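The values are calculated or read from the model by the stated rules, or taken from the named source; none is laboratory data. Just so we're clear, the structure is a prediction, and the values are computed from it rather than from any experiment. Neighbour counts are summed over all protein chains in view; Cβ atoms, including those assigned to glycine, are modelled from backbone coordinates with ideal geometry. In case anyone asks, the SASA skips ligands and DNA or RNA and just uses the protein heavy atoms, side chains included. Shrake-Rupley method; radii C 1.70, N 1.55, O 1.52, S 1.80 Å.
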Amino acid sequence: MSDRFDSTRDADADISTALATAAQSDRAVLIDFGANWCPDCRVLHHLFRSPQVAPLLARNYVVVRVDVGEFDHNLDVAARYIDLTTSGIPALAVLAPDGSVRTATNDGSLANARDLDPGQVAEFLTRWAPGDAGRK
């Protein structure tokens, strides 16, 4: 997983590829909406790399990072999955392999990622993991 949000990426193509991979591997797609200027986005990425969280991501998710710039980039893509006006960034959407949204952090629960610990991130990822790993 890249440690930067890349404004040159084609978010729609990346999500389509991730959905195909997820369907073949019994995983979900985790879309991480954020921007390089965002301190909480960097904190969340750091939490994703923690020993408690990284194995959950690798086992259960295909991760797509979507750059929203200064709320002026990929907004049409984001609007299909999340409400950035209430979520802020970072924001996550979990998609089933068919593209349906299983959950999205529209409540802004990740906007202050600096206040989270790896256990809280792991709990979110475990809850929305596909198959037997997920608890709804």
Output for Cβ contacts, cut-off 9 Å, separation at least six or different chains, first residue in a loop (DSSP other than H, G, I, E, B) in region 29-54, second of a type in the set (Lys, Arg) and open to solvent by 10 Å² or more (accessible area, probe 1.4 Å), reads 36/4; 36/42
Against the definition (over 18 Å from residue 124 (Cα atoms), open to solvent by 30 Å² or more (accessible area, probe 1.4 Å) and part of a loop (DSSP other than H, G, I, E, B)), how does residue 7 come out, yes or no? yes
Can you report the number of residues in region 17-56 which are open to solvent by 10 Å² or more (accessible area, probe 1.4 Å) and of a type in the set (A, V, I, L, M, F, W, C)? 8
Filtering region 69-79 for residues that are within 19 Å of residue 17 (Cα to Cα) and surrounded by 13 or more Cβ atoms within 10 Å (Cβ to Cβ) leaves a count of 3
I need the full set of residues from region 110-136 which are assigned to a loop (DSSP other than H, G, I, E, B), surrounded by fewer than 21 Cβ atoms within 10 Å (Cβ to Cβ) and either of a type outside the set (Lys, Arg) or modelled with pLDDT of 95 or more (or both), in order please. 111, 112, 116, 117, 130, 134
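Each row is one residue, and each column tells you yes or no for (1) of a type in the set (Gly, Ala, Ser); (2) within 13 Å of the chain's Cα centre (by Cα); (3) closer than 22 Å to residue 123 by Cα.
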| site | (1), (2), (3) |
| --- | --- |
| 16 | yes, no, no |
| 36 | no, no, no |
| 47 | no, yes, yes |
| 61 | no, yes, yes |
| 72 | no, no, no |
| 78 | yes, yes, no |
| 81 | no, yes, yes |
| 97 | no, no, yes |
Near pairs, Cβ below 8 angstrom, 6+ apart or cross-chain, from region 56-67 (over 15 Å from residue 78 (Cα atoms)) to any residue that is in a strand (DSSP E or B) and open to solvent by 20 Å² or more (accessible area, probe 1.4 Å): 57/63
So, in region 99-109, of the ones that are assigned to a loop (DSSP other than H, G, I, E, B) and either β-branched (Val, Ile, Thr) or touching a residue at least 24 places away in the same chain (Cβ under 8 Å) (or both), which residue ends up nearest to residue 56 (Cα to Cα)? 105
Considering only residues that are under 21 Å from residue 14 (Cβ atoms) and of a type outside the set (A, V, I, L, M, F, W, C), which ones fall in region 83-119? 83, 87, 90, 97, 98, 99, 100, 102, 103, 105
Check whether at least one residue in region 78-92 is of a type in the set (Phe, Trp, Tyr), part of a loop (DSSP other than H, G, I, E, B) and modelled with pLDDT of 95 or more, and report yes or no. yes
